[in-house]
1. Multiply the residue separation of VAL110 and THR30 by 0.36 nm, subtract the distance between their alpha-carbon atoms, and state the gained length in nm to one decimal.
2. What's the angle, to the nearest 10 degrees (0 to 90), between helix 59-71's Cα axis and the longest principal axis of the chain?
3. Where is the GNM fluctuation largest for the chain (alpha-carbon springs, 10 angstrom cutoff): GLY58, GLY66, GLY101?
4. Hey, what number do you get for the chain at 222 nm if only DSSP H runs of n ≥ 4 count, each worth -39500 (n - 2.57), divided across all residues, to the nearest 500?
5. Please report the relative contact order for the chain, taking Cα pairs under 8 Å with a sequence separation of at least 6, and give it as a percent rounded to a whole number.
6. Mind listing the phi-derived Karplus ³J(HN,Hα) values for region 11-16, rounded to whole Hz, using 6.51, -1.76 and 1.60 with θ = phi - 60°, and x for any glycine or proline?
7. Lysine pairs, Cα distance under 18 Å, 8 or more residues apart or cross-chain: how many in region 5-116?
8. In degrees, nearest 10, range 0 to 90: what is the angle between the Cα axis of helix 95-116 and the longest Cα principal axis of the chain?
Amino acid sequence: MKVPLKKIGIFFIIQLAIFITSLLHNSKVTLMNYINITFYFASAFLLSALLIYVIHAGFFDIVTKGFTKAFSRNNEDIKLAEITPLSKLVAISQKALLLHGLLLFICMVVALILYYV
């Protein structure tokens, strides 16, 4: 299995962003600061990936059609077939966000084990 150089580069850029955030927030880099900030970054990546997954699954398409029906009863000019579903508009893949979120979460768990050992 060959890991593309681009994914490794993005991972190291995220790690650099974590260290810079730690320096800006606390003026020093400690293991506990690294664990805390990595948790925030991993959570943001994983929640973003889950949000994109829910959008692609079509949940918000149904909600959009329901709101359109509810609020356009007096205005019949809007046709439900003319409205482009949100799942067709969002073209971002959640796989990269999920991968980097899981990698950050694994790094956080390893750092947490090192902290308590």
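Since every read-out is calculated from the coordinates, none of them should be taken as a lab result. In this text the structure is predicted, and so the values were computed from the model without any measurement.
1. 27.3 nm
2. 40
3. Between GLY58, GLY66, GLY101, it is GLY66 that shows the largest mean-square fluctuation.
4. Counting only the DSSP helices, I get -25500 deg cm²/dmol.
5. RCO, the chain: 35 percent.
6. Those phi angles translate into 4, 5, 5, 5, 4, 4 Hz.
7. 6
8. Roughly 30 degrees, rounded to the nearest 10.
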